[in-house]
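See below for the structure under consideration.
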Amino acid sequence: MPPATDTPATPSAAVARHILGFETDAAGDWIARLDCGHRRHIRHRPPLSEYPWIVDATGRAARVGAPIECERCGRCELPDGAAPYRTTDEFDETTLPAGLRRDHNTRPGVWGRAEVLAGRVRFVMPALAVDRVIEAGDHAIIPPELPHLVEPLGPVRMRVVFLRVPASG
């Protein structure tokens with residue numbers, strides 16, 4: 001099954017995330033572990049990519065906690081291993097909380113999946129230029145900490161599934 005995505009209107013959007021640490025892949029290339037749950041290859045290959053700090057341990061250590069862009073968050077791709085840990089009750093157009101109808105966001109490291117079970121909602125995520133209608137049977141992927149809102153478009157039944165990536169070393 002391909003990764004769940006919700007392609008934003010701006011396909012080249014990237015979201016600033018923080019580096020948690022580093023690991024290497026089978027070829028020995030460096031991968032940054034990000035606070036969103038994604039992993040990002042970082043290679044110093046001038047002039048295409050300029051990351052001289054990746055080549056030594058001191059440079060890498062100095063970047064732990066630093067921001068770096070995550071294009072996978074910008075494409076609303078769930079990280080590998082993201083697993084549901086909580087699901088809201090079902091809401092309809094009268095029980096949908098006011099907090100979900102205005103800009104709000106998930107906590108650090110927490111992804112959301114807004115699922116429409118019946119009817120339609122408007123889903124808006126300004127940071128990624130997302131403004132679309134979600135119909136019954138469809139969903140929207142919500143990266144951590146990005147403001148978003150939902151607006152019922154008539155009778156609706158929906159819920160939100162919260163996901164996270166298990167912690168790793």
Go through the range 126-139 and report how many residues are surrounded by 15 or more Cβ atoms within 10 Å (Cβ to Cβ) and either over 19 Å from the mean Cα position of the chain (by Cα) or of a type in the set (Gly, Ala, Ser) (or both). 1
Within the range 140-158, take every residue that is closer than 22 Å to Pro108 by Cβ and in contact (Cβ under 8 Å) with a residue 60 or more places away in the chain and give me the one that is surrounded by the fewest Cβ atoms within 10 Å (Cβ to Cβ). Leu146
Go through the range 1-25 residue by residue and tally those that are farther than 18 Å from Ala127 by Cα, among the hydrophobic types (A, V, I, L, M, F, W, C) and at pLDDT below 95. 2
Might you check whether a residue that is assigned by TED's automatic domain parsing to the domain that holds Gly28, aliphatic (A, V, I, L, M) and modelled with pLDDT of 95 or more occurs anywhere in the range 65-74? yes
Being under 10 Å from the mean Cα position of the chain (by Cα) and not small (Gly, Ala, Ser) is the filter here; which residues of the range 59-79 pass it? Cys70, Glu71, Arg72, Cys73, Arg75, Cys76, Glu77, Leu78, Pro79
Exactly one of these conditions fails for Leu153: (1) at pLDDT below 95; (2) of a type outside the set (S, T, N, Q); (3) not in a loop (DSSP other than H, G, I, E, B). Give me its number. (1)
Restricting the search to the range 13-41, which residues are of a type in the set (A, V, I, L, M, F, W, C) and under 30 Å from Pro84 (Cβ atoms)? Ala13, Ala14, Val15, Ala16, Ile19, Leu20, Phe22, Ala26, Ile31, Ala32, Leu34, Cys36
Against the condition touching a residue at least 12 places away in the same chain (Cβ under 8 Å) and of a type in the set (Gly, Ala, Ser), how does Ala62 come out, does it pass? no
Of all residues being more than 17 Å from Pro147 (Cα to Cα), touching a strand residue (DSSP E or B) at 6+ places or on another chain (Cβ under 8 Å) and of a type in the set (Ser, Thr, Tyr) in the range 67-125, which is surrounded by the most Cβ atoms within 10 Å (Cβ to Cβ)? Just the residue, please. Thr88
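The values are calculated or read from the model by the stated rules, or taken from the named source; none is laboratory data. Being a predicted model, the structure only gives us computed values, none of them experimental. Because the Cβ atoms are built from the backbone with ideal geometry, glycine has one as well, and the counts that use them run over all protein chains shown.
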